[in-house]
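**Q** Sharing a structure here in structure tokens format.
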Amino acid sequence: MTRKNDPQRLPSGDIHPAYVKAALAVRGLTLAGLAKRHDKDPSYFRVALNERFPQGLRRIAKALSQQPHELWPTLFDEQNHTIKRRTATLSTANHSTPARQRGAQARA
């Protein structure tokens, strides 16, 4: 459970990336070192941390001996499955519909 006003947490409740890096440093690890260990591009885990790539975050959590949902509760559920983000409903204002196509043909 996260505490309100925990300085290690973002307002969303997720762990702050700087604390993840610090926790790795305490263990003698770096994001680039993790990437090398997993045969990934050197920037893989840096990007995963900032852009929220679930597989990369799972590997970071494992390196920290943590469960992903403990570090990123907005991204993972209790079973460490990725929480699907709700996508914004697309506006139909600029989308062509059969009725609009007929209207355009009538005007032409």
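**Q** Name every residue in the stretch 28-54 that is aliphatic (A, V, I, L, M) and over 19 Å from the mean Cα position of the chain (by Cα), in order of residue number. Quick ask: steps written out before the conclusion?
**A** Quick first cut of the stretch 28-54, residues aliphatic (A, V, I, L, M) only: 29, 31-32, 34-35, 47-49.
Leu29 - this is the single residue of the stretch 28-54 that is aliphatic (A, V, I, L, M) and over 19 Å from the mean Cα position of the chain (by Cα).
**Q** Can you tell me which residues in the stretch 50-62 are farther than 12 Å from Thr82 by Cβ and at pLDDT below 90?
**A** The answer is Asn50, Glu51.
**Q** For the stretch 6-22, which positions are among the aliphatic types (A, V, I, L, M), surrounded by fewer than 17 Cβ atoms within 10 Å (Cβ to Cβ) and modelled with pLDDT of 90 or more? Break it down stepwise before answering.
**A** Kept after step one, since they are among the aliphatic types (A, V, I, L, M), are these residues of the stretch 6-22: 10, 15, 18, 20, 22.
From what's left, surrounded by fewer than 17 Cβ atoms within 10 Å (Cβ to Cβ): 10, 18, 22.
Once the filter is applied, which keeps residues that are among the aliphatic types (A, V, I, L, M), surrounded by fewer than 17 Cβ atoms within 10 Å (Cβ to Cβ) and modelled with pLDDT of 90 or more, the stretch 6-22 yields Ala18, Ala22.
**Q** Would you say Ala25 is assigned to a helix (DSSP H, G or I), modelled with pLDDT under 95 and either surrounded by 15 or more Cβ atoms within 10 Å (Cβ to Cβ) or over 14 Å from the mean Cα position of the chain (by Cα) (or both)? Give the steps one after another, and end with the answer.
**A** Working: assigned to a helix (DSSP H, G or I): yes; modelled with pLDDT under 95: no; either surrounded by 15 or more Cβ atoms within 10 Å (Cβ to Cβ) or over 14 Å from the mean Cα position of the chain (by Cα) (or both): yes.
No; evaluated as a whole, the condition is false for this residue.
**Q** Scan the stretch 44-57 residue by residue and report those that are surrounded by fewer than 17 Cβ atoms within 10 Å (Cβ to Cβ) and in contact (Cβ under 8 Å) with a residue 12 or more places away in the chain.
**A** Asn50, Arg52, Pro54
**Q** Gln105 fails exactly one of the following numbered conditions: (1) at pLDDT 85 or above; (2) open to solvent by 90 Å² or more (accessible area, probe 1.4 Å). What is the number of that condition?
**A** Unmet for Gln105, out of (1) at pLDDT 85 or above; (2) open to solvent by 90 Å² or more (accessible area, probe 1.4 Å): (1).
**Q** Name the residues in the stretch 32-43 that are free of Cβ contacts under 8 Å to residues at least 24 places away in the same chain and either in a helix (DSSP H, G or I) or open to solvent by 40 Å² or more (accessible area, probe 1.4 Å) (or both), would you? Steps first, please.
**A** Of the stretch 32-43, the ones free of Cβ contacts under 8 Å to residues at least 24 places away in the same chain are 32-33, 35-43.
Across the stretch 32-43, the qualifying residues are Ala32, Gly33, Ala35, Lys36, Arg37, His38, Asp39, Lys40, Asp41, Pro42.
The values are calculated or read from the model by the stated rules, or taken from the named source; none is laboratory data. Quick caveat, the model's predicted, so the values are computed rather than measured. Because the Cβ atoms are built from the backbone with ideal geometry, glycine has one as well, and the counts that use them run over all protein chains shown. SASA here: full protein model, heavy atoms, side chains in, ligands and nucleic acids out. Shrake-Rupley method; radii C 1.70, N 1.55, O 1.52, S 1.80 Å.
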